[in-house]
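Beneath this line is the structure, given in structure tokens, with notes to follow.
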Amino acid sequence: MEINGRPHGVIRLPSSKSYAHRALLAAGLAGDSRVDRIVWSKDTEATLGALTALGATVTRKEDAATVGKPMDGGILSEIDCGESGSTLRFLIPLAAALRGRTVFIGHGRLMERPLAPYEQALGRQLTFAREGDRLTVTGRLTAGDFTLPGDVSSQFITGLLFALPLLEGDSTLTLSSPLQSAGYVDLTLQVLHAYGIRVTHEDHTVFRVAGRQTYRPADYTVEGDFSGAAFFLVAGALGCEVECCGLNEHSAQGDRAILDFLRQAGATVGHGVHGGLTVTADRLHGITADVTDCPDLVPPLSALLAFCEGESRIIGAGRLRIKESDRLAAVTAELSKLGARIDEYEDHLVFHGVDRLHGGDCRAWNDHRIAMMVAIAALRADGTVTIDDPACVSKSYPLFWEDYKGDGSK
């Protein structure tokens with residue numbers, strides 16, 4: 001597809017996928033609950049399907065889901081997780097708490113992504129058998145003391161925090177290394193609290209979870225998504241007149257850090273006439289961005305730093321090699337095709353800013369965030385830019401291209 005158009009006007013951002021996954025699971029465990037303002041993407045649809053597979057009765061509407069009967073283990077033996085790492089990692093301990101055997105089906109690179117933290121932490125209670133795109137987990141999760149690394153993915157921590165309150169006894173979860181992406185764990189704790197679950201922790205290192213807790217029904221409205229907004233906020237810094245609406249400036253989302261990175265690079269963050277966020281910039285200069293707690297910001301940040309004067313660095317990014325694609329390699333390859341100057345290292349990237357890019361044919365790597373990055377970088381390209389798989393944005397932001405080319409009247 002040839003990328004054309006220029007974002008402008010009001011953009012009402014989709015709801016946070018991170019919050020939506022968590023709220024759907026909590027509502028599914030509570031029953032008699034409603035989750036509003038969901039943008040249905042392939043990932044959120046995978047989690048919704050998991051609720052049904054585990055016995056919940058769910059009514060889906062245009063932007064909401066209502067749960068009647070809560071999850072009780074269900075009768076279906078398979079859960080199709082699509083390409084959603086959140087769905088798979090959240091559901092492994094939860095399904096094991098509700099029933100004894102589950103087959104998880106994955107697509108794309110999902111089953112290549114690490115599961116070793118669960119295999120090590122839960123290996124005495126559960127068995128894991130992978131065969132192609134299928135993972136069979138057998139055994140029942142019981143209360144106890146669990147240890148997980150804090151520097152692989154916060155999704156493992158979230159999965160256990162959802163499951164442990166259901167068990168008969170009390171449990172502790174200890175992190176064996178410093179927690180990265182702490183904001184995502186805070187999101188989890190917020191949602192658990194909204195549904196009546198109590199978890200205490202000591203500086204995000206030792207989590208104490210009482211057993212025999214009950215998820216309480218609640219109605220929950222999902223806030224706007226900073227992960228998706230980051231692309232259009234960067235577009236503002238690159239000269240587009242956009243107003244991003246639906247965001248909570250005080251959100252616990254780690255990707256809210258995009259606002260700080262933009263300011264550090266010389267952009268001004270303000271408010272538009274509709275109360276949304278705007279970004280303007282006369283001159284952008286190089287920065288060092290530590291993405292330890294916000295790894296999903298690497299693609300939009302890369303589209304920004306490619307144009308910042310001088311040298312910029314993205315550090316703390318080693319985990320990006322095990323996402324939907326090897327994102328460090330993908331960022332380097334695709335932006336370099338357009339004339340960006342990037343040095344790729346094992347766990348960081350170095351950018352040497354340029355003023356303009358040229359055209360080129362880019363590959364999305366079957367990765368929604370890489371496709372969106374290319375679209376934003378194309379705003380400062382003098383030639384035609386094409387992308388081979390524009391539809392991959394449906395994983396998280398199905399209306400991205402509509403918003404990218406929209407008339408700003410929403």
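The values are calculated or read from the model by the stated rules, or taken from the named source; none is laboratory data. Computed from a prediction, not measured in an experiment: that's the story for all the values here. Glycine also receives a Cβ, built like all others from the backbone with ideal geometry; neighbour counts cover every protein chain displayed.
Name the residues in the range 1-43 that are under 23 Å from the mean Cα position of the chain (by Cα), part of a helix (DSSP H, G or I) and modelled with pLDDT of 95 or more, would you?
Once the filter is applied, which keeps residues that are under 23 Å from the mean Cα position of the chain (by Cα), part of a helix (DSSP H, G or I) and modelled with pLDDT of 95 or more, the range 1-43 yields Y19, A20, H21, R22, A23, L24, L25, A26, A27, G28, L29.
Have a look at V103, V206, V137, V191 and point out the one that is closer than 30 Å to D389 by Cβ and of a type in the set (V, I, T).
Working: V206 fails: closer than 30 Å to D389 by Cβ; V137 fails: closer than 30 Å to D389 by Cβ; V191 fails: closer than 30 Å to D389 by Cβ.
On inspection, the qualifying residue turns out to be V103.
Suppose we filter L357, L349, L328, L320 for residues that are more than 24 Å from the chain's Cα centre (by Cα) and either crowded, with 17+ Cβ neighbours inside 10 Å or among the charged types (D, E, K, R) (or both); which single one remains? Talk me through it step by step, then tell me what you get.
Values: L349 fails: more than 24 Å from the chain's Cα centre (by Cα); L328 fails: more than 24 Å from the chain's Cα centre (by Cα); L320 fails: more than 24 Å from the chain's Cα centre (by Cα).
Going through L357, L349, L328, L320 in turn, just one is more than 24 Å from the chain's Cα centre (by Cα) and either crowded, with 17+ Cβ neighbours inside 10 Å or among the charged types (D, E, K, R) (or both): L357.
Is it the case, given these coordinates, that A391 is under 23 Å from H21 (Cβ atoms), without any contact (Cβ under 8 Å) to a residue 12 or more places away in the chain and either among the hydrophobic types (A, V, I, L, M, F, W, C) or not in a strand (DSSP E or B) (or both)?
Numbers: under 23 Å from H21 (Cβ atoms): yes; without any contact (Cβ under 8 Å) to a residue 12 or more places away in the chain: yes; either among the hydrophobic types (A, V, I, L, M, F, W, C) or not in a strand (DSSP E or B) (or both): yes.
Yes; evaluated as a whole, the condition is true for this residue.
If only one of I370, I315 is under 21 Å from S181 (Cβ atoms), among the aliphatic types (A, V, I, L, M), in contact (Cβ under 8 Å) with a residue 60 or more places away in the chain and outside the structural domain of V39 (by TED's automatic domain parsing), which one is it?
Details: I315 fails: in contact (Cβ under 8 Å) with a residue 60 or more places away in the chain.
Just one listed residue meets the conditions, I370.
Conditions: (1) in a helix (DSSP H, G or I); (2) touching a residue at least 40 places away in the same chain (Cβ under 8 Å). Y397 meets all but one. Number of the miss?
(1)
Could you tell me which numbered condition E131 fails, if it satisfies all but one of (1) exposed (fewer than 15 other Cβ atoms within 10 Å of the Cβ); (2) of a type outside the set (A, V, I, L, M); (3) closer than 14 Å to F156 by Cα?
Every condition holds for E131 apart from (3).
Among the numbered criteria (1) on the phi > 0 side of the Ramachandran plot; (2) modelled with pLDDT of 95 or more, which single criterion is violated by G275?
Evaluating G275 over (1) on the phi > 0 side of the Ramachandran plot; (2) modelled with pLDDT of 95 or more leaves (2) as the failure.
Looking at the range 197-217, I want the residues that are over 11 Å from L164 (Cα atoms) and have a partner that is charged (D, E, K, R) and part of a loop (DSSP other than H, G, I, E, B) with Cβ atoms under 9 Å, at least 6 apart or on another chain. Which pairs are those?
P217/D32
Could you list, in sequence order, the residues of the range 2-32 that are buried (at least 24 other Cβ atoms within 10 Å of the Cβ), of a type in the set (G, A, S) and farther than 28 Å from I376 by Cβ?
A23, A26, A27, G28 - these are the residues of the range 2-32 that are buried (at least 24 other Cβ atoms within 10 Å of the Cβ), of a type in the set (G, A, S) and farther than 28 Å from I376 by Cβ.
Of all residues in the range 91-129, which are free of Cβ contacts under 8 Å to residues at least 60 places away in the same chain, among the aliphatic types (A, V, I, L, M) and under 15 Å from L76 (Cβ atoms)?
Selection gives A95, V103, I105.
Cβ-Cβ under 7 Å, sequence separation 6+ or interchain: first residue in the range 1-15 and over 18 Å from L247 (Cα atoms), partner part of a strand (DSSP E or B) and aliphatic (A, V, I, L, M). Which pairs?
Correct list of pairs: M1/I387; I3/V385; I3/I387.
What tally of residues in the range 103-116 results from selecting those that are modelled with pLDDT under 95 and outside any loop (DSSP other than H, G, I, E, B)? Break it down stepwise before answering.
Residues of the range 103-116 that are modelled with pLDDT under 95, as a first pass: 107-116.
Next, from what is left, pick out any that are outside any loop (DSSP other than H, G, I, E, B): 110-112, 116.
Number satisfying all stated conditions: 4.
Across the range 130-156, which residue is modelled with the lowest pLDDT among those that are out of contact with any Leu (no Cβ under 9 Å at 6 or more places or on another chain) and β-branched (V, I, T)?
Taking the range 130-156 first, the residues out of contact with any Leu (no Cβ under 9 Å at 6 or more places or on another chain) are 131-132, 134, 136, 152-153.
Restricting the remaining residues to those that are β-branched (V, I, T) gives 136, 152.
Values: T136: 96, V152: 86.
Among them, the one singled out is V152.
For the structure I just gave you, tell me whether L160 is over 21 Å from the mean Cα position of the chain (by Cα) and buried (at least 17 other Cβ atoms within 10 Å of the Cβ). Give the derivation first.
Working: over 21 Å from the mean Cα position of the chain (by Cα): no; buried (at least 17 other Cβ atoms within 10 Å of the Cβ): yes.
No.
Condition check ((1) within 23 Å of the chain's Cα centre (by Cα); (2) farther than 24 Å from I157 by Cα) across all residues:
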| residue | (1), (2) |
| --- | --- |
| G196 | no, no |
| T221 | yes, no |
| D225 | yes, no |
| A230 | yes, yes |
| L262 | yes, yes |
| G266 | no, yes |
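Anything in the range 367-398 that is surrounded by 19 or more Cβ atoms within 10 Å (Cβ to Cβ), out of contact with any Phe, Trp or Tyr (no Cβ under 9 Å at 6 or more places or on another chain) and not basic (K, R)? List them, or say none.
Once the filter is applied, which keeps residues that are surrounded by 19 or more Cβ atoms within 10 Å (Cβ to Cβ), out of contact with any Phe, Trp or Tyr (no Cβ under 9 Å at 6 or more places or on another chain) and not basic (K, R), the range 367-398 yields D367, I370, V374, A378, L379, V385, I387, S396.
Would you pick out the residues in the range 135-170 that are in a strand (DSSP E or B) and out of contact with any Lys or Arg (no Cβ under 8 Å at 6 or more places or on another chain)? Don't jump to the end; show me each part of the working.
At the first step, the residues of the range 135-170 found to be in a strand (DSSP E or B) are 135-138, 145-148.
Those that are in a strand (DSSP E or B) and out of contact with any Lys or Arg (no Cβ under 8 Å at 6 or more places or on another chain): L135, D145, F146, T147, L148.
Quickly run through the range 367-410 and pick out the residues that are over 17 Å from the mean Cα position of the chain (by Cα) and among the acidic types (D, E). Spell out the reasoning first.
Residues of the range 367-410 over 17 Å from the mean Cα position of the chain (by Cα): 374-391, 401-410.
Once the filter is applied, which keeps residues that are over 17 Å from the mean Cα position of the chain (by Cα) and among the acidic types (D, E), the range 367-410 yields D382, D388, D389, E402, D403, D407.
Starting from residues that are polar (S, T, N, Q) and outside any loop (DSSP other than H, G, I, E, B), keep the ones in the range 171-194 and report whichever is nearest to the chain's Cα centre (by Cα). Let's see the steps before the verdict.
Initial filter on the range 171-194 (polar (S, T, N, Q)): 171-172, 174, 176-177, 180-181, 188, 190.
Subsequent filtering for residues that are outside any loop (DSSP other than H, G, I, E, B) retains 171-172, 174, 188, 190.
On the way: S171: 27, T172: 26, T174: 23, T188: 13, Q190: 16 Å.
Out of the qualifying residues, it is T188.
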